[in-house]
Amino acid sequence: YLEACPSDVAVAMAAGQLALLVACAASALGGLALLVSALVAFVASLLMALHSAFRFVAVVLMIVGGGALAVSLFQGGLSAWTIRATVREESFRRVAMFVWKAMPMIVHYKVVKMRTMGKSYDEVLKASTPLHRFYAPRMRAFAQEMQGLYVKTAQMVAASGHGVFPQEYVDECQVFIEDCKPLPFGEILDIVERDLGPLDEIFESFDEMPLHTASIGQVHVARLHGGVDVVVKVQHPTAERNFRIDLECFLMVARLAFPEHLEQFEEVKRAFVTEFDYTKEAALQREAIAHCATLEGVVVPQPIDHLHPACRLGNGGKAIRPGGLCTKDVLVMERLYGKSLAVWSNEVAEMFAFEQGITKDEFLSKMKSMTPDELEQQRPSRMGLWLYSAGLCATQVASAAVDMISTLDSRHSLEPIEDDQSQGIIDIYDLRDKLFWIQGHMLFECGFLNTDPHPGNIMFLDDGRLGLIDWGQVKRLSPAHQCLLARLILAVADEDEVMAARTLREIGMRTVRDLDWTYSRYAHFYLGSWMDEPVQELGGPLRLEENCNRIDPIQEGIGELIMPMRNQIFTRQGLAMLGFPRVSSAVMLRDAAVRCLQRLHK
């Protein structure tokens, strides 16, 4: 019954079950007391029956005692069954685990925060660092046990930039960057055949080992009859229910202890509406393909839906579902060949670590200890990348010429020379510019934005193009919101504090003292460089909100624009991994914002 309930109802019922569990435990204790009294009465009546004068009374007491004994056994059995059934209910288990393992940590941090209110940064750091060291490995283990939303949150923490989250948590969450725990293939096969039909009627081949496992589902490589290479995205059976229950737990805590974050969680909850329905995701992916059609060098994989040529051509003569191969729990799409930004970054880290004679973890620890200035010094220059790429290309051409001459000298028949499939050097400057070019187009030309652009969803393809995958979370912007966002970008790029404050007020943000200074700091946090003075003077991105709340607390957030701001934060976090810790969304998106305002005001 709980599986069919909305998540907030399920959480409320799980809380009710917790109360029922306590009542049943009390009932079981009462039954135990009744059992003891019944046994005493039964033994007393048995002793009395030994004396003939009290035989009648003894028989009556034996009947009463036996009845009480039967009632107590029934009550105890019923209580035990209820407790067992309650504990086995998954929604109850997840709420209980959250209360048991997460709440003590939240309360501990809240107490330390209250104790250090008004103290210096060094004192706060001294008080909070032991908590980070103690709780970070426990939260990593908790996320691995619970999966779902906890893994999604851990991935966001792992992909964060310099100083956004405590480094202890960032380090522990690195295990979630690429792969999560997969389901056995037997369960995946049941879901695919339930939704699409017998596997061999649709697929020529289907890899049992997943290519990638995410927080909601997993992806398998396959080939359709007719030769189209595809990936099959399969949703885990309990993902939606568990995500919604976990999110309601987060919302419950936000309402009680962190009301300033409630609006963000509510917007995330709305964003997940399409995340668990792959038919809606396929439609959004189709729309993304249309929006990206004019962007040279950018590709979004086509879903195998009713519009795909493989469906219209009958899939190589084999029968296919009339609506294509996209259902609520299964999404089949064309395969893109390449590697994600997360995988590429990991490979680069391993390469540099090998060159320096240290482990990858030691190299990453060394990088994380560097200041922004030191990180930028480690980044190769644009000219250096160009010269290295040109030299690599010349080397490959010379090698190919030597191979050809050698073949001719040997008087062998000419064989096709295999192309080098390596991607060579990736121009990180070009990647930075291209990502913001795409962001500007989607924000201000289309009003259609992927709100989950973490490094695992950006791919470097073997043919040199940029692949954009995972369109389950999308935000649409009205012309009015496009205009407000464009004005805010101009205000931050031009360092106009008055305009930034005025625009955030129009967006709907409110603070207690209504200071322009407060609004401008939040504007820089959302869209500016985190290394600039407006953010750094408040302790950096990790401490900005806490320190602002001491001076001028937030009453109302930015509402509909939370997800676009989240998109920009994620983009800058990914670029910080590539050596751009000072990148500013406002500066990079300024030209696109100007064009948007010119178009809207015509």
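The values are calculated or read from the model by the stated rules, or taken from the named source; none is laboratory data. All values derive from a computational prediction rather than experimental measurement. Glycine also receives a Cβ, built like all others from the backbone with ideal geometry; neighbour counts cover every protein chain displayed. The protein model used for the area step is the full one, side chains on, heavy atoms only, and it has no ligands, DNA or RNA in it. Shrake-Rupley method; radii C 1.70, N 1.55, O 1.52, S 1.80 Å.
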For this session: Would you check if Arg599 is basic (Lys, Arg), at pLDDT 85 or above and either part of a loop (DSSP other than H, G, I, E, B) or surrounded by fewer than 18 Cβ atoms within 10 Å (Cβ to Cβ) (or both)?
Result: yes
For this session: Among the helices (runs of 4 or more DSSP H) lying completely within segment 326-381, list those that include at least 3 residues that are closer than 28 Å to Pro210 by Cβ and not small (Gly, Ala, Ser).
Result: 341-356, 360-368
Problem set entry | Only one of Ile569, Ile551 that is open to solvent by 10 Å² or more (accessible area, probe 1.4 Å), more than 16 Å from the chain's Cα centre (by Cα) and β-branched (Val, Ile, Thr) | Ile551
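Quick one: which of Val151, Val111 is farther than 17 Å from Asp246 by Cα and at pLDDT 80 or above? Talk me through it step by step, then tell me what you get.
Details: Val151 fails: farther than 17 Å from Asp246 by Cα.
Testing whether each residue is farther than 17 Å from Asp246 by Cα and at pLDDT 80 or above leaves just Val111.
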For this session: Give the residues of segment 347-363 that are under 19 Å from Pro455 (Cα atoms) and in contact with a helix residue (DSSP H, G or I) (Cβ under 6 Å, 6 or more places away or on another chain), sorted by residue number.
Result: Ala349, Glu350, Lys360
Exercise. Hey, among Leu468, Leu435, Leu461, which residue is at pLDDT 90 or above, surrounded by fewer than 17 Cβ atoms within 10 Å (Cβ to Cβ) and of a type outside the set (Phe, Trp, Tyr)?
Worked result: Leu461
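So, of the residues in segment 119-162 that are in a helix (DSSP H, G or I) and among the hydroxyl-bearing types (Ser, Thr, Tyr), which turns out to be nearest to Thr571 (Cα to Cα)? Break it down into steps so the answer makes sense when it comes.
Going through segment 119-162, the residues in a helix (DSSP H, G or I) turn out to be 121-146, 149-158.
The next check asks that each one be among the hydroxyl-bearing types (Ser, Thr, Tyr); those that pass are 121, 128-129, 135, 150, 153.
On the way: Tyr121: 28, Ser128: 28, Thr129: 28, Tyr135: 28, Tyr150: 21, Thr153: 16 Å.
Looking at residues that are in a helix (DSSP H, G or I) and among the hydroxyl-bearing types (Ser, Thr, Tyr), I get Thr153.
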Seminar exercise, completed: Residue pairs qualifying under the 6 Å Cβ cut-off, at least six apart or on distinct chains, with the first in segment 500-526 being closer than 14 Å to Gln555 by Cα and the second being among the aromatic types (Phe, Trp, Tyr) and surrounded by 21 or more Cβ atoms within 10 Å (Cβ to Cβ), are Leu504/Tyr519
Problem set entry | Single unsatisfied condition, Pro553 versus (1) modelled with pLDDT under 90; (2) closer than 19 Å to Ser478 by Cα | (2)
Problem set entry | Residue that is most open to solvent (accessible area, probe 1.4 Å) [pool: residues in segment 522-539 that are more than 19 Å from Gly118 (Cα to Cα) and more than 26 Å from the chain's Cα centre (by Cα)] | Glu533
Seminar exercise, completed: Val402 vs (1) assigned to a loop (DSSP other than H, G, I, E, B); (2) more than 30 Å from Leu468 (Cα to Cα); (3) modelled with pLDDT under 70: all pass except (1)
Seminar exercise, completed: The correct count of residues that are over 30 Å from the mean Cα position of the chain (by Cα) and small (Gly, Ala, Ser) in segment 479-499 is 1
Problem set entry | Positions within segment 97-114 being open to solvent by 70 Å² or more (accessible area, probe 1.4 Å) and over 18 Å from Ala143 (Cα atoms), in sequence order | Val107, His108, Met114
